[in-house]
1. Residue separation times 0.36 nm, minus the C-alpha to C-alpha distance between residue 89 and residue 231: what's the value?
2. What does the charge dipole of the chain about its Cα centre add up to, to the nearest 20 debye, if the Cβ of each Lys and Arg holds +1 and the Cβ of each Asp and Glu holds -1?
3. Roughly speaking, what is the centre-to-centre gap between segment 207-272 and segment 64-117 when only Cα atoms are used, to the nearest Å?
4. Do any trypsin sites (Lys or Arg not before Pro) in segment 227-301 lie in a loop, going by DSSP, with at most 14 other beta-carbon atoms within 10 Å of their beta carbon, and if so which?
5. Can you tally the net charge around residue 9? Count Lys and Arg as +1, Asp and Glu as -1, for every other residue whose Cβ sits under 13 Å from the Cβ of residue 9.
6. If segment 62-186 were replaced by its equivalent ellipsoid, with semi-axes equal to the square roots of 5 times the Cα gyration tensor eigenvalues, what would those be, largest first, whole Å?
7. Please report the net charge: other residues with Cβ closer than 14 Å to the Cβ of residue 141, K and R +1, D and E -1.
8. Give, as a single signed number, the net charge of other residues whose beta carbon lies under 15 Å from the beta carbon of residue 85, with Lys and Arg counted +1 and Asp and Glu -1.
Amino acid sequence: MKKDKILVIGACGQIGVELTLALRKIYGESNVLASDLREEHELLKGTGPYVSLDVMNKEMLHVLVIRHNITQIYLLAAILSATGEKNPLLAWHINMQSLLNVLDIAKEEHLDKVYWPSSIAVFGPNSPMQDTPQHTIIEPTTIYGISKFAGERWCEYYNHRYGVDVRSLRYPGLISYKSAPGGGTTDYAVEIFHEAKEHKKYTSFLSENTYLPMMYMPDAIRATIELMEADASKISIRSAYNLSAMSFSPKEIAAEIKKHIPDFTISYEPDYRQQIADGWPNSMDDSQARTDWGWKPEFDLAKMTKDMLDHI
Ligand code: NAD
Ligand code: SER
């Protein structure tokens, strides 16, 4: 019987740490090779194999895939929205070339599956803001969103043209406590918990009524694994699926935190990230994911807030 051998690229990031640990539970520690540019994350140490890898070096990546008999790749390395706006050409280069390297090696080596995440950032100010549909106007205005949209088209192209089984989700902003977020516009919804616990106050870089789609990390990890384990016949979207769990504003999450920490206060000093958030959906319609492979979130704002405060 063929064994799955999984390579996670960008394993030390906000998603990578938790996804690697979850995959190791399912596929066995030694069958999930974690890799990143950075030093191995503390939570990964002793849980399975780790290699240092720059995904931009296609030759090294190719050798690694052959040497370790890799059958699946999860590509998580990227430059996120806020960091991307500081150096657009670098963000475009890294986000596109990393994906092209992986897709091309997947084609050449006939890998079983590839996972690459997209984002709500593919949508722009001309998309419908409420319950943004799967198929609608897509005119991203950030370089991060542009690179994600182009990436989605490449994924579909490699699937249709070469049969590469690549799957993708448009994650909302992800909230977690195990590893820190890496330079996104939705990071306020993680920072707020740390500041609430430590200082009982937080200054939000988004204005009080900025609604964004959000998701708790356990739901995001489960969605990723459910998508990857779904029968190929159930995957009708080969660009990226809309994915949704909850939607809230800084004012609403602050009110929820206040239920647990009554003297918590919030103030607002919107910065350049406000403009990025203003172009993104307030909420997402993920009915295609629900219909195709049975997606259903477990965490709403109240349940997520309690769990975050219990764990930080
Ligand atoms: P992150 O910034 O926390 O982690 C990315 C990891 O990739 C980092 O550990 C970094 O060191 C590594 N990396 C960067 N360049 C690399 C390179 N050249 N070679 C190897 N590794 C490299 O990001 P994340 O939040 O974990 O996001 C992972 C993926 O999910 C990204 O594609 C991101 O766009 C997408 N996504 C994230 C969110 C979110 O809220 N976190 C939402 C939507 C989509
Ligand atoms: N959370 C991500 C960001 O803000 C969305 O993809 O960049």
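The values are calculated or read from the model by the stated rules, or taken from the named source; none is laboratory data. Owing to the predicted nature of the structure, the values given are computational and were not obtained by experimental measurement. A quick note on method: Cβ atoms are made from the backbone with ideal geometry, for glycine too, and the neighbour counts reach across all protein chains shown. Quick note on the areas: whole protein, heavy atoms, side chains included, nothing else; ligands and nucleic acids left out. Shrake-Rupley method; radii C 1.70, N 1.55, O 1.52, S 1.80 Å.
1. Taking residue 89 through residue 231 to full extension adds about 47.4 nm, to one decimal.
2. For this selection, approximately 500 debye.
3. Cα centroid of segment 207-272 versus Cα centroid of segment 64-117: 24 Å apart.
4. Passing sites in segment 227-301 are 259.
5. Once positives and negatives cancel, what remains is 0.
6. So the three semi-axes of segment 62-186 are 26, 17, 14 Å.
7. Summing Lys/Arg as +1 and Asp/Glu as -1 gives -1.
8. 0
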